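Worksheet for the structure shown next.
The values are calculated or read from the model by the stated rules, or taken from the named source; none is laboratory data. Every value quoted in this text rests on a predicted model; they were computed, and no experiment measured them. Here the Cβ is made from the backbone with ideal geometry for all residues, glycine too, and neighbour counts use every protein chain on show. All accessible areas refer to the heavy atoms of the entire protein, side chains included, with ligands and DNA or RNA removed. Shrake-Rupley method; radii C 1.70, N 1.55, O 1.52, S 1.80 Å.
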Amino acid sequence: MTANEDLPPQETGVAIPGATPSSVQGIGRRLAERFALIAFGLYHVPLFLNNYPSLGGGGFNDTGLAVQWGRIFTVPGLWVAQHLFGVASPGGANGDNGDTAEEFARVLLCVVIGIAGAIVWTVADRRRPRAEWTESVLRVLLRYSIVLGLMGYAIAKILPQQFPPLTLPALERRVGDLTPMALLWTFMQFSRPYAFMAGLLELVPIVLLCFRRTALLGALVCLPVMLNVTLMNYAYGVPVKLYATMITLSCIVLILYDAPRLLDLFVRNRPVGASRESTIVQDRVAWHWRAAIKFVVVGSVVVSCVRAMSGTLAGPPPPTSAATGTWQVVPLTPDAPWRRLTIDGAGVLIRTADDVAIRCALDSFPVAGPLSMQCRDGRRGTFDWTRSSDTLRLEGTFDGAPVSFVATWVDRTSYTLMRSEFRWFFD
């Protein structure tokens with residue numbers, strides 16, 4: 001039996017190593033918990049509907065209910081971004097979780113309001129501390145903010161929607177031409193098993209965090225997973241750094257509640273008693289109502305993600321024609337302007353004789369008829385084309401100049417990356 005087992009639950013809570021006077025410990029803990037509850041609540045609650053892709057969350061559309069909900073909370077963030085950060089036209093007015101000035105401004109507001117609110121709250125009830133429910137509400141808030149926030153990312157990797165198979169233009173782009181984020185996406189897209197496991201490793205803590213008995217294990221599993229995601233977002237310039245950081249901090253706060261028990265188990269080699277987590281809020285709601293609420297909230301996010309993402313995957317197949325593919329240009333004249341040409345449903349990628357990559361959009365996909373394209377730098381091209389076996393002939397104009405060439409089809413397996421196979425031995 002430990003020294004404080006005979007104390008009532010409200011007086012034990014989370015032990016803080018090194019804190020001796022109980023009054024100081026109580027005030028410090030109340031300030032920290034109340035700050036965390038206010039700050040994390042102000043951050044996570046506005047993003048609640050953003051977890052529903054079928055409502056427009058996660059950037060799936062710009063007119064859904066999630067977008068309208070998010071805009072309610074962007075007004076003060078936009079003001080701070082303009083007047084304090086000096087950003088003339090801050091983005092992020094859709095209330096999503098991107099790295100925009102409005103999002104960083106909103107985090108600053110969360111911190112400032114959290115500090116002020118915690119101080120006022122604690123001073124107001126200093127003579128008779130109340131609100132013992134703070135711990136219970138904070139734990140529930142953090143657990144389900146992680147669960148609902150990670151759900152879409154886990155499902156998107158498992159289906160797969162976030163990292164679909166590599167396209168022909170992706171195979172044609174050189175490493176030096178990629179942005180850091182594009183390099184990371186190419187890395188993830190190459191290996192379907194790795195991307196699937198990444199989604200599965202995000203799904204495991206989601207399931208564990210849904211239940212109070214396994215919540216600590218879920219937070220311990222979630223922390224290295226999210227720390228890895230956060231580091232990749234920072235290292236490769238993925239514009240979701242802030243959100244990943246906040247999810248990671250949410251995991252850390254959940255773990256801190258059991259830090260003394262974890263230290264006893266893993267470092268001090270001492271016996272560990274049962275958790276003394278406050279369950280004031282849960283005890284006031286019957287278990288079947290808690291289960292029903294959990295099922296509806298978590299289940300609705302799962303249904304929304306699967307519906308939106310599987311619809312994207314199960315949509316009409318990308319258009320194809322005889323011109324689809326990557327083509328190696330055979331010059332008809334010594335000054336032929338192009339070296340390679342890649343055509344797919346997303347557009348055209350041209351590799352010029354000067355080794356410059358030009359990305360163009362198609363006015364219409366050339367199932368039949370001319371190939372008409374509009375390039376990013378304002379240049380246009382229109383070509384008549386014919387294919388015979390593995391040979392493509394194009395004649396037309398590009399940027400006002402006549403272009404005529406013959407190209408041969410490039411097999412996908414000709415890329416070293418696509419020929420590589422898993423090997424056990426490398427003798």
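Remarks
- Scanning the range 218-244 for residues that are more than 14 Å from residue 151 (Cα to Cα), in contact (Cβ under 8 Å) with a residue 12 or more places away in the chain and of a type in the set (A, V, I, L, M, F, W, C) returns 219, 220, 221, 223, 227, 229, 232, 235, 238, 240, 242.
- Residue 243 within 26 Å of residue 418 (Cα to Cα), part of a helix (DSSP H, G or I) and modelled with pLDDT of 95 or more: no
- Being on the phi < 0 side of the Ramachandran plot and either of a type outside the set (S, T, N, Q) or open to solvent by less than 60 Å² (accessible area, probe 1.4 Å) (or both) is a description that applies to residue 363.
- The set of residues from the range 246-280 being in a helix (DSSP H, G or I) and basic (Lys, Arg) comprises just one member, 261.
- Within the set 349, 362, the sole residue that is hydrophobic (A, V, I, L, M, F, W, C), modelled with pLDDT of 90 or more and in contact with a strand residue (DSSP E or B) (Cβ under 7 Å, 6 or more places away or on another chain) turns out to be 349.
- Residue 78 satisfies every condition listed in (1) without any contact (Cβ under 8 Å) to a residue 60 or more places away in the chain; (2) in contact with a Leu (Cβ under 8 Å, 6 or more places away or on another chain); (3) in a helix (DSSP H, G or I) except (2).
- Criterion: farther than 30 Å from residue 176 by Cβ, modelled with pLDDT under 90 and part of a loop (DSSP other than H, G, I, E, B) - qualifying residue of 336, 368: 368
- Between 250, 278, 300, the distinction of being among the polar types (S, T, N, Q), modelled with pLDDT of 95 or more and touching a Ser or Thr at 6+ places or on another chain (Cβ under 8 Å) belongs to 250 only.
- Test: residue in the range 132-141 that is part of a loop (DSSP other than H, G, I, E, B), open to solvent by 30 Å² or more (accessible area, probe 1.4 Å) and more than 20 Å from residue 67 (Cβ to Cβ): yes
- Residue among 123, 107 that is in contact (Cβ under 8 Å) with a residue 40 or more places away in the chain and either part of a helix (DSSP H, G or I) or hydroxyl-bearing (Ser, Thr, Tyr) (or both): 107
- For the range 78-99, filtering for residues that are at pLDDT 90 or above, surrounded by 20 or more Cβ atoms within 10 Å (Cβ to Cβ) and closer than 24 Å to residue 144 by Cα leaves 0.
Quick grid of which residues meet (1) modelled with pLDDT of 95 or more; (2) touching a helix residue (DSSP H, G or I) at 6+ places or on another chain (Cβ under 6 Å); (3) surrounded by 15 or more Cβ atoms within 10 Å (Cβ to Cβ):
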site: 162; (1), (2), (3): no, yes, yes
site: 167; (1), (2), (3): no, no, yes
site: 177; (1), (2), (3): no, no, no
site: 213; (1), (2), (3): no, no, no
site: 218; (1), (2), (3): yes, yes, yes
site: 222; (1), (2), (3): yes, yes, yes
site: 230; (1), (2), (3): yes, yes, yes
site: 233; (1), (2), (3): yes, yes, yes
site: 238; (1), (2), (3): yes, yes, yes
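- Count of residues meeting criterion [over 20 Å from residue 172 (Cα atoms) and assigned to a strand (DSSP E or B)] in the range 395-424: 8
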